[in-house]
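Only one structure is covered here, and it is reproduced in the block below.
Read the figures in this text as sums done on the coordinates, not as results from a lab. Keep in mind that what you see is a predicted model, and the values were worked out from it rather than measured. Cβ coordinates were reconstructed from backbone atoms using ideal geometry, including for glycine residues, and neighbour counts include every protein chain displayed.
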Amino acid sequence: MSEKSKNPSTLATHVGEEDDHHGSVAPSIVMSTTYRTRPGEAAFSAHEYDPDRAFLYSRWGHPNARMLERKIAALEGVEDALATASGMAAMTAIFLGLLRQGDHAVVSNVSYAGVGEISHEVLPDLGIDVTHVDTSDPANIEAALRDNTKLVHIETPANPILRITDIKAAAKLAHGAGAKLSVDSTFATPIATRPADFGADFIMHSMTKYIGGHGDVLGGVVAGSKADISKLRARAGVYFGATLAPQAAWLAARSLHTLPLRMGAHEASARALAEFLAGHAKVERVIYPGLASHPQHAVAKKQMRNFGGMLAVTLKGGEPAIARVLDSIEVITHAISLGKTKSLAFFVSTDELQQHAFQMPGQQLADYRAIAGDGVLRISAGIEDPGDLVADMEQALDKV
Ligand SMILES: *Cc1c(COP(=O)(O)O)cnc(C)c1O
């Protein structure tokens, strides 16, 4: 059977695990930093490196990273992947791998805070121009493209208001302008969406979230064509040293075995919470891609096979009511981060994001506020029993 004919659950459990030593069925952790070599086989230049040939030195690549990269590439339906030390390292690998002084990038005006801050602060320091737009309307991407645009970066669903961008439309526009499209697919995971099927060139994940899934491993990954990834590997892996360590790679690869199962459970929990909250008298708005009320539900249906585990909620009592809920939840944990087996909830303030990550001008901010108000209660629905999660929110809302 070819990899192409296999389904995600089979790929997640098997790919990359064929040739472990000693006949072991479960993969081992290989801690060696250097590998035996033969005359003429090893070279010091990153340009000579091919991860499918022998391993040389673990900053360049090692068996546990390779196993993980092959699994991700198979799940995303692309040729190759680069595992990195964190999601931010994956993002930096794309930005600094592709963009040069004098280049221009179009970046979603709603994105993970670290990505927003890098694109507002670090890229301009390097002489790279960035235009931030609401990418959920492809016309905004089109209007922002310039002759020197090299990259369009979108996040779908976008943190924290689950805004959806039409990947196919974004890819067509980027390619028409001679730019690449990168997609932060952390919230979707390859189980919900395979961005390459819609034309994306680079797919990145914070593996710290759903892929690791248990809240105990930091990691990131970029997936794409073999040629594109080998360029990023030379810069980010070999030069910047963003390589993922063997234990972390092993744990992330192990966690991938259950990703398809976990995503089913995350979605069931999120849907139960979304439906309960949408009908609650103290709730103003529920934003969940799987609800018909989501502003881009039609696009979500086209590109998501699973609507994911994240939802954002605004309450009629505003921030004080959200604070009361966060004080009262018992099963759901008040903590940042997301994508864990345990449910987490956190208040994301619009003002704070505006100061640091978004820095949106007038109309863009007004449009955002119309959806998110002064801030949202972001819930990462875990894999606990959906009824228990609903009961927990019900008792917490009773205290508002
Ligand atoms: C967490 C996150 C990141 C950053 O990943 P780290 O692993 O924390 O470095 C990037 N994008 C999104 C959407 C995230 O949720």
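Modelled this way, with points 7 Å down the Cα-to-C-beta line, the labels at LYS399 and LEU126 are 4.5 nm from one another. Between 0 and 90 degrees, rounded to the nearest ten: what's the tilt of helix 63-76 against the longest Cα principal axis of the chain? With rounding to tens, the tilt is 50 degrees. Extension gain for GLU3 to VAL25 (0.36 nm times residue separation, less C-alpha to C-alpha distance): 6.0 nm.
Shown here for the range 1-107: chymotrypsin sites (Phe, Trp or Tyr not before Pro) in loop regions (DSSP other than H, G, I, E, B) with at most 10 other Cβ atoms within 10 Å, namely PHE44. The distance between label points at ALA46 and HIS356 comes to 2.9 nm (points 7 Å beyond Cα on the Cα→Cβ vector).
So if we plug the beta-carbon distance of ARG305 and ALA227 into 1/(1 + (r/R0)^6) with R0 = 30 Å, what FRET efficiency do we get, rounded to 0.05? Intermediate values should be presented prior to the final figure.
Values: r = 28 Å, r/R0 = 0.94.
Efficiency computed from Cβ-Cβ geometry: 0.60.
Answer rounded, prolate or oblate for the chain, using the Cα gyration tensor with square roots of eigenvalues a ≥ b ≥ c: rounded when a/c is under 1.5, else prolate when a/b is larger than b/c, else oblate. Verdict is oblate for the chain. For the peptides 337-347, 162-172, 293-303, residues were scored by their other Cβ atoms within 10 Å and the scores averaged per peptide; the highest-first order is 162-172, 337-347, 293-303. Under the shape rule built on the C-alpha gyration tensor, where the axes satisfy a ≥ b ≥ c, the range 138-287 is oblate, since a/c reaches at least 1.5 while a/b does not exceed b/c.
Summarising the strand pairing of the chain, around 60 percent of its internal DSSP beta bridges are antiparallel.
As a proxy for reagent exposure, LEU232, LEU68 were ordered by neighbouring Cβ count within 10 angstrom, fewest first; the result is LEU232, LEU68.
In the chain, helical runs assigned H by DSSP with n ≥ 4 each contribute -39500 (n - 2.57); averaged across all residues and rounded to the nearest 500, the mean residue ellipticity at 222 nm is -10500 deg cm²/dmol.
Determine the relative contact order of the range 293-390: mean sequence separation of Cα pairs under 8 Å and six or more apart, normalised by residue count, in whole percent. Could you put the intermediate results ahead of the total?
Numbers: 113 pairs, mean separation 35.4, N = 98.
The value is 36 percent.
Report the calculated FRET efficiency for THR341 and TYR239 (r = Cβ-Cβ distance, R0 = 35 Å), to the nearest 0.05. Walk me through the numbers on the way to the answer.
Details: r = 36 Å, r/R0 = 1.02.
That pair, THR341 with TYR239, gives E of 0.45.
A straight chain from ALA391 to ASP327 at 0.36 nm per residue would run longer than the Cα-Cα distance by 21.5 nm.
For the chain, the longest principal axis of the Cα atoms and the long axis of helix 246-256 meet at an angle of about 60 degrees.
Would you mind calculating the relative contact order of the range 261-349 from Cα pairs under 8 angstrom and at least 6 residues apart, reporting the percent as a whole number? It rounds to 25 percent for the range 261-349.
Which of rounded, prolate or oblate describes the range 287-400 when judged by the alpha-carbon gyration tensor and an a/c cut-off of 1.5? Since a/c reaches 1.5 but b/c is at least a/b, the shape of the range 287-400 is classed as oblate. For the range 208-223, the residues whose backbone nitrogen is under 16 Å from a point 7 Å from the Cα of LEU261, taken along Cα to Cβ, are 211-214. Computed over the range 1-120, relative contact order equals 23 percent, with contacts defined as Cα pairs under 8 Å that lie 6+ residues apart.
Estimated at 0.36 nm per residue, the fully extended path between ALA278 and ALA143 surpasses their Cα-Cα distance by 45.1 nm.
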